[in-house]
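Just so it is clear, none of the values below were taken in a lab; they were calculated from the coordinates. Just so we're clear, the structure is a prediction, and the values are computed from it rather than from any experiment. Here the Cβ is made from the backbone with ideal geometry for all residues, glycine too, and neighbour counts use every protein chain on show.
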Amino acid sequence: MNDKRNIFIVNRDFFVIDFADINIVRNFANNKQYTKLMSDKENNINQEQLARFAKAMGHPTRIAILQFLAKQTTCYFGDINEELPIAKATVSQHLKELKSSGLIHGEVEPPKVRYCINREMWDMACNMFKDFFANIQHNDSCNCK
């Protein structure tokens with residue numbers, strides 16, 4: 001008996017598969033329906049992430065915060081409402097929304113207030129929006145006005 005086993009991860013579930021069953025897994029993975037299903041799922045995940053970014057950026061105050069933080073060379077320490085014309089009462093909620101989208105990171109709860117642009121997620125958002133707008137089909141024959 002062959003003691004070789006492989007571990008596969010599918011949708012966060014772990015499967016231990018005998019070495020002899022690897023061909024079954026390969027055939028399943030090469031199946032066009034499975035490939036389309038996974039492609040559709042990946043598209044849905046990308047759409048959800050793009051929507052999270054759009055929601056986080058869907059308020060003028062959050063845009064102002066992002067623009068301010070993007071200009072910083074290090075993480076910002078202090079009250080952002082002292083730098084921008086933002087009501088102190090709403091700053092915390094806007095920072096929480098930006099943090100939950102992944103666009104910023106740091107401590108946003110007083111007395112620890114330190115935050116900055118999450119460059120990895122910022123780059124991801126830039127690329128996703130660029131791809132989104134580049135893939136929009138323009139219909140010049142549309143008469144809707």
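Okay, here's what the table says:
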quantity: Fewest-first ranking of R62, R52, R114, using other Cβ atoms within 10 Å as the exposure measure; calculated: R114, R52, R62
quantity: Which of E83, E97 has the fewest Cβ neighbours within 10 Å, and the rest in rising order; calculated: E83, E97
quantity: Likely footprinting exposure, H94, H105, fewest C-beta neighbours within 10 Å first; calculated: H105, H94
quantity: Length added when fully stretched, K55-L84, from 0.36 nm per residue minus Cα-Cα; calculated: 8.3 nm
quantity: Calculated FRET value between S92 and E48, using beta carbons and R₀ = 22 Å, to 0.05; calculated: 0.30
